[in-house]
1. List the pairs whose first member sits in segment 148-169 and is farther than 26 Å from Ile21 by Cβ, whose second member is open to solvent by 70 Å² or more (accessible area, probe 1.4 Å), and whose Cβ atoms are under 8 Å apart, counting only residues at least 6 apart or on separate chains?
2. Quick one: what pairs do we get from segment 69-95, first residue under 30 Å from Arg55 (Cβ atoms) and among the small types (Gly, Ala, Ser), second open to solvent by less than 50 Å² (accessible area, probe 1.4 Å) and at pLDDT below 90, C-beta under 8 Å, 6+ apart or different chains?
3. Of all residues in segment 127-151, how many are in a helix (DSSP H, G or I), open to solvent by less than 70 Å² (accessible area, probe 1.4 Å), farther than 13 Å from Ile181 by Cα and not hydroxyl-bearing (Ser, Thr, Tyr)?
4. Determine which single condition Glu116 fails, assuming it passes every other condition in (1) surrounded by fewer than 20 Cβ atoms within 10 Å (Cβ to Cβ); (2) out of contact with any Leu (no Cβ under 9 Å at 6 or more places or on another chain); (3) not basic (Lys, Arg).
5. Does any residue of segment 165-180 turn out to be aliphatic (A, V, I, L, M), surrounded by fewer than 18 Cβ atoms within 10 Å (Cβ to Cβ) and assigned to a helix (DSSP H, G or I)?
6. Given the residues Glu90, Glu116, Glu96, Glu124, which is the only one that is in a helix (DSSP H, G or I), more than 16 Å from the chain's Cα centre (by Cα) and within 20 Å of Gly195 (Cα to Cα)?
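The values are calculated or read from the model by the stated rules, or taken from the named source; none is laboratory data. Note that this is a predicted model, so its numbers are computed, not measured. For neighbour counting, all protein chains shown are included, and Cβ atoms are generated from backbone atoms with ideal geometry for every residue, glycine included. For the accessible areas, the whole protein counts, side chains as well, though only heavy atoms, and no ligand, DNA or RNA atoms are used. Shrake-Rupley method; radii C 1.70, N 1.55, O 1.52, S 1.80 Å.
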Amino acid sequence: MSIETASSAHTPISLSEHVYITLKRQIMKGELLPGHRMIVLDIAKQFSVSQAPVREALERLKQEGLIVGKMNKGSAVSEITAQEIRDIYELRQLVEGSALRATMKVLEDKDIAYLESVIAGMREAIDQEDPYRLVELDMLFHGYFYLRSGNALLYDIWNRIKTKIMRFISVTNQDHQGYSIPDSHSVILDLIKSGDVDRTEENLIRGLDFYKNYTGE
């Protein structure tokens with residue numbers, strides 16, 4: 001099973017998709033800071049496109065909560081609040097354990113192989129100094145529990161909060177050194193292989209405490 005990617009260099013994409021992906025990466029990486037004004041005309045000039053694909057891209061970013069509309073000022077990159085972070089991670093701690101438990105009942109060898117490939121990809125991303133790719137792979141690892149749980153509502157919840165999580169951990173991952181991120185995921189996978197559901201869930205939920213309580217200090 002191949003590792004999913006947010007976009008493929010070998011797959012033709014529309015102008016709108018190109019603008020969307022580029023702006024999203026810039027927001028995720030902190031290159032476009034909270035409050036930065038997203039002016040359609042300026043962005044169209046930057047990408048050498050008409051205003052239509054820019055408006056489409058901005059609407060997608062708005063739906064994901066990465067930008068917000070400003071009265072008489074167009075759009076701007078949204079803020080990240082401590083309360084929002086706590087809310088999201090409290091939600092994850094409530095539902096991700098359930099997704100994990102359901103998934104562990106149905107996992108096969110091919111699923112384990114896939115998760116191992118995701119972790120290997122994390123190590124490669126670190127070697128290649130590609131923090132954005134590392135975050136994408138982190139989302140694939142955790143998102144797999146929601147996907148394989150067989151619960152469509154859980155998977156819908158994940159897809160609704162995933163982008164905000166990606167943006168937040170793109171910042172907090174700067175506090176992690178070396179291979180601590182793939183190593184922590186390897187621990188989870190080893191526990192999954194052991195079949196001990198309670199210990200696996202406990203480790204997973206405890207690991208989310210760092211992000212829930214993160215202050216940036």
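1. Close Cβ pairs satisfying both conditions: Ser149/Tyr155.
2. Ser78/Gly65
3. Count: 4.
4. Going through the list (1) surrounded by fewer than 20 Cβ atoms within 10 Å (Cβ to Cβ); (2) out of contact with any Leu (no Cβ under 9 Å at 6 or more places or on another chain); (3) not basic (Lys, Arg), Glu116 breaks only (2).
5. Of segment 165-180, the ones aliphatic (A, V, I, L, M) are 165-166, 169, 171.
Checking the rest, the ones that are also surrounded by fewer than 18 Cβ atoms within 10 Å (Cβ to Cβ) come to 171.
Narrowing further to those that are assigned to a helix (DSSP H, G or I): 171.
Yes: segment 165-180 contains one or more residues that are aliphatic (A, V, I, L, M), surrounded by fewer than 18 Cβ atoms within 10 Å (Cβ to Cβ) and assigned to a helix (DSSP H, G or I).
6. Values: Glu90 fails: within 20 Å of Gly195 (Cα to Cα); Glu96 fails: more than 16 Å from the chain's Cα centre (by Cα); Glu124 fails: within 20 Å of Gly195 (Cα to Cα).
Selected residue: Glu116, the only one of Glu90, Glu116, Glu96, Glu124 that is in a helix (DSSP H, G or I), more than 16 Å from the chain's Cα centre (by Cα) and within 20 Å of Gly195 (Cα to Cα).
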